[in-house]
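Heads up: the structure comes next, in structure tokens.
The values are calculated or read from the model by the stated rules, or taken from the named source; none is laboratory data. Quick caveat: nothing in here was measured; it's all calculated off a predicted structure. As a convention, Cβ positions derive from the backbone with ideal geometry for all residues, glycine included, and neighbour counts pool all protein chains shown.
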Amino acid sequence: MSIFFTYKKNNFNFFIILIFFILNGLSAQVNWENLFVYYRNGQFEQLNKALNRATQTQRQTPEFLFFKSLFEKDGTKAMQQYQQVFNTAGGRLKKLAAKKLYEYYFARGLYLKAATFSDYLDNVTNTENNQAGAAIAPDEQQPAYWVQFGAFSTRANALKRQEVLKRHGINSVIKIRKINNRDFYCVWVKGRNTLADTDQIAKQIKKQMNFDYRIIKE
């Protein structure tokens with residue numbers, strides 16, 4: 001009889017321990033929606049703490065890889081991971097990965113590479129706008145990109161650059177931009193709505209006058 005009760009007691013203790021581990025595992029599950037909120041609000045400390053609570057299974061997901069990449073110090077490795085997320089994820093996560101890849105390549109002047117992700121983001125935005133009935137009429141659109149052919153500390157020098165462009169039939173505008181807390185007079189030529197088309201315009205002008213350029217997204 002004592003053996004029987006000992007057996008039942010051991011089984012009862014086993015099930016209690018099993019339930020505890022199951023409940024503990026469930027409570028350790030990361031809620032991805034919370035992480036998206038942290039990311040959107042710039043709460044990276046909370047985001048990182050939440051990531052550390054992820055289960056082993058969750059660590060194999062595209063969501064975990066994307067958020068963990070935000071804390072990767074090696075830029076090249078981070079971009080490889082964002083590319084992996086872009087290739088495997090969908091919806092909102094794919095869009096966020098595309099934005100990271102676009103920003104990385106654009107900042108480094110790799111405009112054709114950046115254009116791949118820019119086109120994807122434009123297509124997603126257009127689809128979302130069409131679904132919402134908020135498409136913009138073509139004649140109301142403004143170019144998404146400009147080409148900067150010089151940033152000068154004085155307006156006089158900017159006007160000289162503008163005059164050279166004008167002699168070659170190229171219209172430009174002067175925009176005052178703050179760089180390192182100083183005002184610079186930047187000479188901008190109107191681009192196109194796509195990064196790839198704007199890059200072609202910039203290369204043609206550079207070929208004519210050998211001016212270095214930088215593409216600006218407004």
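Examine the range 168-176 for a residue that is surrounded by 13 or more Cβ atoms within 10 Å (Cβ to Cβ), small (Gly, Ala, Ser) and closer than 25 Å to TYR104 by Cα, and state whether such a residue exists. No, every residue in the range 168-176 fails to be surrounded by 13 or more Cβ atoms within 10 Å (Cβ to Cβ), small (Gly, Ala, Ser) and closer than 25 Å to TYR104 by Cα.
Evaluate the following for SER118: is it under 19 Å from VAL37 (Cα atoms) and in contact with a helix residue (DSSP H, G or I) (Cβ under 8 Å, 6 or more places away or on another chain)? Spelling it out, it is not the case that SER118 is under 19 Å from VAL37 (Cα atoms) and in contact with a helix residue (DSSP H, G or I) (Cβ under 8 Å, 6 or more places away or on another chain).
Picking from residues in the range 132-167 that are touching a helix residue (DSSP H, G or I) at 6+ places or on another chain (Cβ under 9 Å) and at pLDDT below 90, the one that is surrounded by the fewest Cβ atoms within 10 Å (Cβ to Cβ) is ALA134.
Inspect the range 58-66 for any residue being free of Cβ contacts under 8 Å to residues at least 60 places away in the same chain, in a helix (DSSP H, G or I) and touching a Phe, Trp or Tyr at 6+ places or on another chain (Cβ under 6 Å) and give the result as yes or no. Within the range 58-66, one or more residues are free of Cβ contacts under 8 Å to residues at least 60 places away in the same chain, in a helix (DSSP H, G or I) and touching a Phe, Trp or Tyr at 6+ places or on another chain (Cβ under 6 Å).
Taken over the range 184-202, residues that are in a strand (DSSP E or B) and free of Cβ contacts under 8 Å to residues at least 24 places away in the same chain amount to 0. Exactly one residue among GLN56, GLN43, GLN83 is surrounded by 15 or more Cβ atoms within 10 Å (Cβ to Cβ), farther than 24 Å from ARG108 by Cα and not β-branched (Val, Ile, Thr), and that residue is GLN43. Remark: TYR102 falls outside the filter, which requires a residue to be crowded, with 20+ Cβ neighbours inside 10 Å, in contact with a helix residue (DSSP H, G or I) (Cβ under 6 Å, 6 or more places away or on another chain), closer than 11 Å to LEU65 by Cα and not hydrophobic (A, V, I, L, M, F, W, C).
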